[in-house]
């Protein structure tokens with residue numbers, strides 16, 4: 001059974017749900033009224049007992065009052081006595097169990113006829129008490145076991161419903177996202193528009209012998225719009241759209257995932273033409289083992305069923321499977337071959353034109369001042385994904401609202417962009433010495449970067465703490481680069497070590513503030529030697545090796561390197577780092593006055609933008 005979000009021919013289901021709710025409601029009422037009746041009866045019975053506000057006297061006082069002819073009447077209820085005197089006052093007393101009041105009076109030499117003695121019949125009350133004390137526990141036990149059995153039956157039903165698909169059905173009325181709401185991924189959008197057009201106009205393609213693509217795999221980094229594109233397909237297609245996450249197939253019981261796959265595809269075939277979307281398919285589509293772990297793993301059984309349903313012995317007509325993942329390298333080769341996923345749609349981080357288009361979409365509903373330079377914002381956000389850009393504009397709106405502004409300006413966008421990448425500002429209590437070290441450290445980064453020919457310009461320098469950093473020097477890429485050259489990588493290492501070089505040059509001391517810079521510089525140098533072949537060791541890969549077995553299983557293991565070669569690798573990494581550090585120290589010694597100027601400006605202003613820094617560097621001392 002498919003859980004849908006569209007009410008469609010489900011009157012019987014609604015009636016059954018109302019019937020079950022009525023049963024539950026009536027059962028609760030029965031238990032409630034039984035308890036109310038029990039307490040009400042107990043209260044009524046308590047009213048028949050002698051009032052606890054009357055004074056209680058011993059039986060000898062009763063005998064003396066009867067003998068003195070003070071008693072008008074005596075009411076006997078079991079062992080309780082209610083004595084009414086001739087003056088209208090009352091009190092209570094007790095007689096011994098099993099004894100008669102008349103016999104007690106006669107034994108004391110008192111004539112029982114001196115007072116009117118009435119005996120109250122309590123047999124009816126005692127009968128009800130006996131009935132309730134015997135029947136009510138049985139009724140309550142029966143109700144308890146009835147509820148227990150119904151719960152067990154419901155649990156049993158839920159066990160047998162494990163194999164049903166939990167996919168949700170969407171249509172264009174529910175999904176408000178369309179292709180017009182997607183930007184920055186024009187090539188991917190065109191691929192999916194063709195799929196939607198095939199479902200809308202199948203005869204146009206069938207006349208030329210084209211068949212329906214069986215699968216479309218969306219791959220790309222997080223935040224690039226894979227799920228958004230799937231929502232757009234659901235909003236554009238005039239066919240049922242079933243959506244399910246890869247993790248929803250998995251359960252504790254073996255075989256449940258395969259059963260859900262069969263149920264999902266069976267439901268989709270009944271509603272064909274239809275689209276099935278599986279988000280994060282790497283949860284179930286990982287490469288199968290090479291016979292080491294056995295073949296009865298739950299995940300592998302689920303994957304095997306998906307393979308059969310997509311392209312098995314029985315034809316799969318007019319059901320297109322869409323899937324999304326940011327880990328295409330771990331998917332099983334049998335899953336991504338043509339005939340199953342015919343199309344691999346790659347989504348990458350948007351370029352400058354794509355960022356402009358994404359920003360124009362997310363500007364809707366937000367007021368901006370006329371002076372906002374969207375070209376500058378697009379250049380400022382190199383490396384931002386679509387999700388980052390949306391978050392940036394949302395943060396800008398929040399910042400503007402907190403400052404009671406009527407519209408969002410460039411300062412709000414700049415702060416939001418920095419906040420998305422580095423985190424919010426933190427007002428840490430720092431000593432003057434810590435602020436001074438941070439100022440010279442960040443100034444060292446900026447000045448070394450400024451004097452390197454292949455580096456991008458500095459965008460901002462700040463000693464305001466954000467996230468885990470005490471300060472930052474922003475150097476966003478000026479262009480959307482695909483390749484990195486050896487010259488740029490060497491200059492990046494020198495710029496990263498500019499902070500440590502400035503600390504040693506000014507304070508003649510090393511601090512722990514450069515640990516992150518050293519880590520990044522070492523990573524770049526190691527990649528140059530072991531992966532990029534940019535060292536004297538030649539174009540040899542000394543990094544992790546990828547090996548594909550005859551079963552299609554990919555093993556990632558460290559390539560065996562001799563101790564002599566490992567020593568040479570370490571020497572090359574050290575040489576690259578040392579050369580970068582020496583270059584950074586030389587630049588700072590040649591520009592020591594500029595270093596002092598920038599550091600003092602940071603101590604005074606805390607933040608310097610790129611234009612002001614460029615003026616400071618170009619001005620004569």
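Just so it is clear, none of the values below were taken in a lab; they were calculated from the coordinates. Bear in mind the structure is a predicted one, so any value in this text is a computation, not a measurement. Virtual Cβ from ideal backbone geometry, glycine too; neighbours counted across all protein chains shown.
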Region 428-618 -> Rg/Rh from Cα coords, Kirkwood Rh, value 1.06
Once residue 364 and residue 405 are pulled to full extension, the length gained, defined as 0.36 nm per residue separation minus their Cα-Cα distance, is 13.0 nm
Footprinting proxy, 224, 267, 469: sorted fewest to most Cβ within 10 Å, the residues are 469, 267, 224
If N is the residue count of region 352-422, its Cα Rg over 2.2 N^0.38 Å rounds to 0.98
Least to most buried among 609, 65, by other C-beta atoms within 10 Å and fewest first, runs 609, 65
Residue separation between residue 427 and residue 607 times 0.36 nm, minus their alpha-carbon distance, gives in nm 63.4 nm
For region 348-390, inverting the pair-averaged 1/r of distinct alpha-carbon atoms gives a Kirkwood value in Å of 10.6
Cβ density ranking, 10 Å radius, fewest first, applied to 56, 425, 371, 503 yields 371, 56, 425, 503
Expressed in angstrom and rounded, the centroid-to-centroid distance over alpha carbons for region 431-459 and region 370-388 is 24
For region 582-621 the translational diffusion coefficient, Stokes-Einstein from a Kirkwood Rh over Cα pairs at 20 °C and viscosity 1.002 mPa s, in µm²/s, is roughly 199
Between residue 208 and residue 454, the FRET efficiency computed from the C-beta separation at R0 = 51 Å comes out, to the nearest 0.05, as 0.50
hull vol. (C-alpha, convex hull) per residue for region 201-244, Å³ -> 104
The alpha-carbon center of region 66-96 and that of region 584-621 are separated, in whole Å, by 110
Quick P(r) readout (region 56-120; Cα-Cα; 10 Å bins; whole %) gives 23, 65, 11, 0
